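*Asks:* Right, I'll just put the structure down here and ask away after.
The values are calculated or read from the model by the stated rules, or taken from the named source; none is laboratory data. If you're wondering where the values come from, they're calculated on a predicted model, not measured in any experiment. Note: ideal-geometry Cβ built from the backbone for every residue, glycine included; neighbour counts use all protein chains shown. Protein only, heavy atoms only, side chains kept; ligands, DNA and RNA dropped before computing areas. Shrake-Rupley method; radii C 1.70, N 1.55, O 1.52, S 1.80 Å.
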Amino acid sequence: MISTANDPRMTGGGPAFDWAMTVVELAIFIAVYRAAQPIGADVLSNILGRWFESVVGPDDIAGAVTNMVERGWLVMIGGRLMATQDGRRVASHLMNGVIRMLDQGTRLIDVALMMSVLRLTKGELDNGNL
């Protein structure tokens, strides 16, 4: 039997890998990554509000943005956010995971459409330049 008592990955001591990103952080990254120029919190909040069909204020995402800047996934440039190569690498891993979770052999039209959108995003992350 393998003991996990001293393994921080098993005891809540932190992520087991450097690309543990929440769904909200992934959405934030994708919105910032797709922007032609660095974007402010107000624009980011509007984008997320449309995606989640909910009111998302700048204060609602402040903690997630701070965490993402601290982890090196985003950088602040003149009070606006820009994606980093490290963030792109992390988001690419996660998009691949989302695609694999949804692609469980189901071939419904709605699933196929979603898969196209997800693969487009994954392709942007894999092949993009910052």
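*Asks:* Let me see the pair-distance distribution of the range 19-130: every alpha carbon pair, 5 Å bin width, integer percents in order.
*Replies:* 2, 12, 23, 22, 20, 13, 5, 3, 0, 0
*Asks:* Report in % the part of the accessible area of the range 47-101 that belongs to carbon and sulfur, leaving out ligands and nucleic acids; probe 1.4 Å.
*Replies:* 56 percent
*Asks:* May I ask which residue of VAL75, VAL56, SER45 lies farthest towards the positive end of the charge dipole of the range 41-109, with charges of +1 (Lys, Arg) and -1 (Asp, Glu) on Cβ and the Cα centre as origin?
*Replies:* About the Cα centre, the residue reaching furthest to the positive side is VAL75.
*Asks:* What's the extension gain from ILE77 to ALA112 if we count 0.36 nm per residue and subtract their Cα-Cα distance?
*Replies:* So the chain would gain 8.8 nm between ILE77 and ALA112.
*Asks:* Could you give me the ³J(HN,Hα) list for the range 46-53, computed from phi with Karplus coefficients 6.51, -1.76, 1.60 and θ = phi - 60°, whole Hz, x at Gly and Pro?
*Replies:* 5, 4, 5, x, 5, 5, 8, 6
*Asks:* I've got another one for you. Given a 1.4 angstrom probe, what's the average accessible area per residue across the range 48-99, in square angstrom?
*Replies:* Computed with neighbouring chains in place, this is 55 Å² per residue.
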